[in-house]
Structures are given as structure tokens and as C-alpha cells.
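The values are calculated or read from the model by the stated rules, or taken from the named source; none is laboratory data. Being a predicted model, the structure only gives us computed values, none of them experimental. Here the Cβ positions follow ideal geometry from the backbone for every residue, glycine too, while neighbour counts run over all protein chains shown.
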Amino acid sequence: MAQQLHKRFSTQEAKMLLEKYLNEKVKLVYILEILKIKRSRFFELLKQFKSDPDDLSIQVEVAKQFLLHWKVKIMEVEEYYCFWKISLYPCLTMLLATMIVAITAMMVTTTA
């Protein structure tokens, strides 16, 4: 199974390749082969890079999936507590603490 883009390349390496593509130094076919991504993903990254080169991160897809997961969990908790008419405050405090621990763990594993 192929590794994900953020595990194969740093953000700086990806930026360098996008820059070379924009300066017409490297053809698209070669960049797709190097990065091992599809055209749609490449142009998604290129669009981000053009809008704000300093803000580009290839870690985005991981963060989006993580946040979506927690959004669903929070909605499930809200639905349960609204049904039973129980205060959400203690539960949300515990959920927030769990999220902080999970985000910290994710940051440690992605930087390693």
C-alpha cells in the first residue's frame, strides 16, 4: 500500500515542486509521478498554493478527517443529552479534554 503524501514529502518539498511547475521547469506528468498523486489532488494543492503559498500544508486532509470525526461525535452527544434533558456542560468538558489529548498525540506522530 502506498504511503500518504504527507508521509512521503515535507510541505517544503511539495511547495518546491509546485513552484517548479508554475515556472514551467517541470512538466505535470513528472510531478504527478514523483508525488504519486492524481491530477485532481495536484490541482487542489496548486489552487491552495496560488492563493497563499505560505499557508499551504499537505497535512490538511488529515486535519479535515479528524475534525469531521469529532464534529460527528459532538453531535451524537448533543442529541443524547437533549433527549434526556441533561446538562451538557460536564460532558462537553470531558469531550474537550479528550480532543486536546488526541490532537496533541496526532501532532506528535505527524512531526515524528
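Below is a table of values for the structure above.
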{"read-out": "Subset tally (residues that are assigned to a helix (DSSP H, G or I) and at pLDDT 85 or above) for segment 1-36", "value": "19"}
{"read-out": "Candidate set: segment 51-110, residues that are among the basic types (Lys, Arg) and over 30 Å from Glu19 (Cβ atoms); chosen: the one modelled with the lowest pLDDT", "value": "Lys85"}
{"read-out": "Where Gln4 falls short, out of the listed (1) surrounded by fewer than 16 Cβ atoms within 10 Å (Cβ to Cβ); (2) more than 26 Å from Met106 (Cα to Cα)", "value": "(2)"}
